[in-house]
Structures are given as C-alpha cells and as structure tokens.
Amino acid sequence: MQTRTLGRTGRTVSVIGLGTWQLGADWGEVDEDDALAVLDAAFASGVTFFDTADVYGDGRSEAFIGRWLVDHPEANVTVATKMGRRMPQEHENYSLEHFRAWTDRSRANLGVDTLDLVQLHCPPTSVYSDDRVFDALDTLVAEGAIASYGVSVEKVEEALAAIARPHVASVQIILNAFRLKPLDEVLPAAREAGVGIIARVPLASGLLSGRYTLDTRFAANDHRSFNRHGESFDVGETFSGVDYATGVRAAGEFTELARAAAPQATPAQVALAWIAAQDGVSSVIPGARNPEQARANAGAGSLELPAGFDDAVRELYDREIRAQVHERW
Ligand SMILES: NC(=O)c1ccc[n+]([C@@H]2O[C@H](COP(=O)([O-])OP(=O)(O)OC[C@H]3O[C@@H](n4cnc5c(N)ncnc54)[C@H](OP(=O)(O)O)[C@@H]3O)[C@@H](O)[C@H]2O)c1
C-alpha cells in the first residue's frame with residue numbers, strides 16, 4: 001500500500017482509504033457485524049484513513065469507528081469526519097456555537113479528545129467567502145477540539161476557494177473516470193498550496209465496478225433508488241450525476257478498457273488505481289458494504305497501470321460523459 005501526506009494535516013495516510021457512509025445509512029442494510037468487519041478488513045489490508053460524517057446514520061458510522069478505535073488503540077489511523085448537515089444548510093448556521101456542538105458530538109461518538117480532521121460537509125457557496133466561518137474553525141483548532149479542518153465540496157469553484165484559505169488542510173471532491181473536471185485546475189492548485197485532495201465517489205456509486213445492468217434493482221432505502229434525480233440531496237452524489245442508462249453503457253466500455261489494461265485486476269481496482277495515479281491526489285476513499293469489497297479496494301493501492309490507459313479514460317469521458325457533468329460541477 002502506498003502512503004502519502006494528507007496536505008496540511010501533515011499526517012501520513014494510505015493512498016486507498018475507506019469511505020464509511022455505507023456503515024451509517026442510505027445504502028440498503030449493512031448490519032453491525034459487517035460494519036465492524038469492513039473496518040477490520042480495510043485496516044488489515046493497509047488502509048489507515050477512514051472518512052465518515054456526523055450525519056451518516058445520524059452518528060451510526062462514527063459510533064462504529066469509535067468502537068473499533070477502542071479495540072485497536074495502537075492503530076495509527078487518521079479519521080476524517082464532517083459537520084454541517086444536522087441543520088438546514090443555511091449560511092447563518094455555520095457559526096462557532098454550532099461548530100462546538102457538532103464537534104463535541106463527533107468527539108463523543110468517536111471517543112477522542114481531538115478530532116483528526118473535520119470537513120465542512122458541502123456548505124452553501126456563500127460560506128467560502130465568509131472569513132468568520134474560517135476564523136471559527138481556527139478557534140476550534142486553538143481550543144484543541146480539532147487538529148485540522150478541510151472542506152468537502154460539490155463544485156470546482158468551491159474547491160478553488162477552499163484551497164485559497166490559508167489553513168484549509170484538505171479538500172474532498174468527486175473525482176473518478178466519470179468526473180474529470182478536478183484534474184484541470186483543482187489538482188494543480190492543491191499541489192501548489194500543499195492542500196490534500198480526498199477523492200470521493202471513486203466508483204461512481206459502484207457503476208465503475210461494471211456489475212450493474214439496466215435490470216439491477218437497489219433497495220428502497222438506498223440512495224441509488226431514492227436520489228436518482230436529486231430528490232434528497234445533490235444528484236452529483238448518486239452515480240456521479242450521470243443518468244443511469246448512460247452510466248451502465250459507459251461502465252461497460254470502461255470494463256473492457258480496464259480488463260485490457262490490467263487483466264489481473266477487477267475494473268473497480270483499476271478505477272481506483274487510475275485516480276490514485278493522478279498527481280495531487282492524497283487518498284481515494286471507496287465505500288465498502290462488506291469486508292470482501294474493502295479488501296479488494298485496498299489491493300488497488302499497489303496496482304500500476306500501463307501508459308495509454310489515461311488517454312483511453314479521457315476519450316471515453318469526452319465522448320459519453322462530459323456533456324452531462326462537466327459544466328455543472
Ligand atoms: N458530500 C460528501 O462529502 C460525500 C458524498 C458522498 C460520499 N462521500 C464519502 O465518499 C465515500 C465513497 O463514495 P461512495 O461510497 O458514495 O461511492 P463509491 O465509493 O463510488 O461506491 C461505493 C459502492 O461501490 C461498490 N463497490 C465498492 N467496492 C467494490 C468492489 N471492490 N467491487 C465491486 N463493487 C464495489 C459498492 O456497491 P454495492 O453497494 O452495489 O455493493 C459500494 O456501495 C463515502 O463512503 C463517503 O465516505 C462523501
């Protein structure tokens with residue numbers, strides 16, 4: 001497993017991390033045994049970076065990680081959580097008073113005095129230009145409630161605004177074979193500023209595994225059923241904002257490219273290794289619903305791809321995907 005420095009946190013993390021939204025809610029049922037087994041499998045496979053949020057199952061995901069940390073006191077794992085969605089995402093709610101309450105709750109859930117990294121969870125765009133918000137985050141650092149802060153963003157312009165803030169340690173953004181826009185400006189700006197990049201939704205909600213067909217059915221409590229058109233939150237978080245039929249077709253082509261490039265690997269592993277190979281990416285955080293997925297994903301942390309694969313990914317994106325997503329996010 002390769003390791004990298006996570007931007008201004010200064011912490012060393014595995015290039016393949018673990019997304020733990022699945023251990024909270026919104027992805028069908030993941031029971032307690034599977035949730036803890038996912039954390040075990042990821043760590044045993046070299047993963048040292050977990051991404052969670054206070055709203056994933058209303059703290060369920062954080063609480064599982066907290067339990068796991070109690071059982072693994074020596075594990076040098078960095079845990080990033082998020083805050084800001086326990087109330088309506090209105091600018092005035094991004095206050096020091098709320099930040100204190102939210103981080104206190106996450107500290108209790110995770111069982112730590114100081115949170116390693118807290119990310120604003122896709123705040124409204126106006127928040128990025130409000131000095132008071134970032135002063136409040138600096139106060140949390142000074143008080144010892146958090147070691148570092150970052151921002152999870154929806155749009156490229158928001159990423160650039162966050163990177164321009166002097167104490168933002170990391171930016172989390174959707175980056176995958178169906179979302180290439182961050183490659184143009186965000187990664188170069190982050191490298192220049194020393195800000196870490198956390199690549200989320202790396203499998204386009206599983207599409208890039210190549211397993212889904214037009215007949216695949218997702219559970220009613222899975223956002224791939226209930227948020228296909230952005231009914232509950234930004235549609236870009238579901239299948240990367242690509243309509244399902246287009247996504248399945250393009251994923252079929254991606255699967256062929258991946259099998260030709262690395263016959264020993266699965267398309268999902270190739271999708272993750274391709275992101276990890278982009279200069280400026282600190283960690284890629286695939287979500288896993290079971291230990292087998294967690295182990296397989298970690299395996300992408302040592303996979304090398306042949307020259308030419310990158311061009312093929314860009315050609316597929318330009319032909320099939322760009323028109324649906326490039327200008328929007
Ligand atoms: N706003 C935000 O800040 C935000 C938004 C979204 C996500 N995130 C973070 O980013 C993480 C990753 O994004 P995501 O979970 O939305 O999407 P993702 O990682 O692109 O997709 C996860 C899904 O891919 C499938 N999968 C995973 N590993 C696989 C493997 N080895 N082989 C085949 N299929 C595999 C599983 O689908 P099945 O369920 O069909 O098995 C899994 O549920 C989240 O867990 C969360 O921590 C943050």
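Taking 7 Å steps out from each Cα toward its Cβ at Asp310 and Asp243 produces label points 3.2 nm apart. The residues of the chain expose, per residue, 39 Å² of accessible area to a 1.4 Å probe. Here the Debye sum runs over all C-alpha atoms of region 242-329 as equal scatterers in vacuum, and log10 of I(q)/I(0) at q = 0.15, 0.17, 0.26 Å⁻¹ comes out as -0.62, -0.79, -1.39. Computed per residue of the chain from DSSP H runs no shorter than four, each worth -39500 (n - 2.57), the mean residue ellipticity at 222 nm is -11000 deg cm²/dmol. The residue among Pro188, Ala219, Val201 whose Cα reaches farthest toward the positive pole of the charge dipole of region 188-329, with charges on the beta-carbon of Lys, Arg, Asp and Glu, is Ala219.
Per residue, the Cα convex hull of region 1-57 amounts to 82 Å³.
With a cut-off of 15 Å on the backbone N, the residues of region 36-76 near the modelled label site 7 Å out from Glu292 along Cα-Cβ are 38. Charge dipole of region 21-134 (Cα centre as origin; +1 on each Lys and Arg Cβ, -1 on each Asp and Glu Cβ, all else neutral): 340 debye, rounded to the nearest 20.
Ligands, DNA and RNA left out, the accessible area of the chain computed with a 1.4 Å probe is 48% carbon and sulfur.
Among Ala80, Asn109, Ala268, which residue has its Cα positioned farthest towards the positive end of the charge dipole of region 3-325, with +1 placed on the Cβ of Lys and Arg, -1 on the Cβ of Asp and Glu, and the dipole taken about the Cα centre? So the residue furthest toward the plus end is Ala268.
Under 5 Å between amide hydrogens, built in the peptide plane, is the criterion, and for Tyr149 it picks out Val118, Ala169 among residues at least 5 positions away or on other chains.
Quick check: convex hull of the Cα atoms in region 3-325, volume per residue, rounded to a whole Å³?
Normalising the Cα hull of region 3-325 by residue number yields 119 Å³.
Convex hull volume of the C-alpha atoms in region 210-273, normalised per residue: 90 Å³. Against the main long axis of the alpha-carbon atoms of the chain, helix 267-276 sits at an angle near 50°. Where a ≥ b ≥ c are the square roots of the eigenvalues of the C-alpha gyration tensor, would you call region 113-170 rounded, which needs a/c under 1.5, or, failing that, prolate if a/b is larger than b/c, or oblate? Prolate, because a/c is 1.5 or more and a/b exceeds b/c. Radius of gyration over Kirkwood radius for region 172-251, both on Cα atoms: the Rg/Rh ratio is 1.04. Extension gain, Gln89 to Ala75, is 1.6 nm, computed as 0.36 nm per intervening residue step minus the present C-alpha separation. About the centre of its Cα atoms, the chain shows a dipole size close to 380 debye [charges on the beta carbon of Lys, Arg (+1) and Asp, Glu (-1) only; nearest 20 debye]. Computed from the C-beta positions of Arg100 and Arg211 and an R0 of 51 Å, the FRET efficiency is 0.75 to the nearest 0.05. Could you tell me the calculated FRET efficiency between Glu256 and Ala323, based on Cβ-Cβ distance and R0 = 25 angstrom, to the nearest 0.05? That pair, Glu256 with Ala323, gives E of 0.70.
The values are calculated or read from the model by the stated rules, or taken from the named source; none is laboratory data. Please read all numbers here as calculations on a predicted model, not as lab measurements. Virtual Cβ from ideal backbone geometry, glycine too; neighbours counted across all protein chains shown. Please note that ligands, DNA and RNA were not included when accessible areas were found on the heavy atoms of the full protein model with its side chains. Shrake-Rupley method; radii C 1.70, N 1.55, O 1.52, S 1.80 Å.
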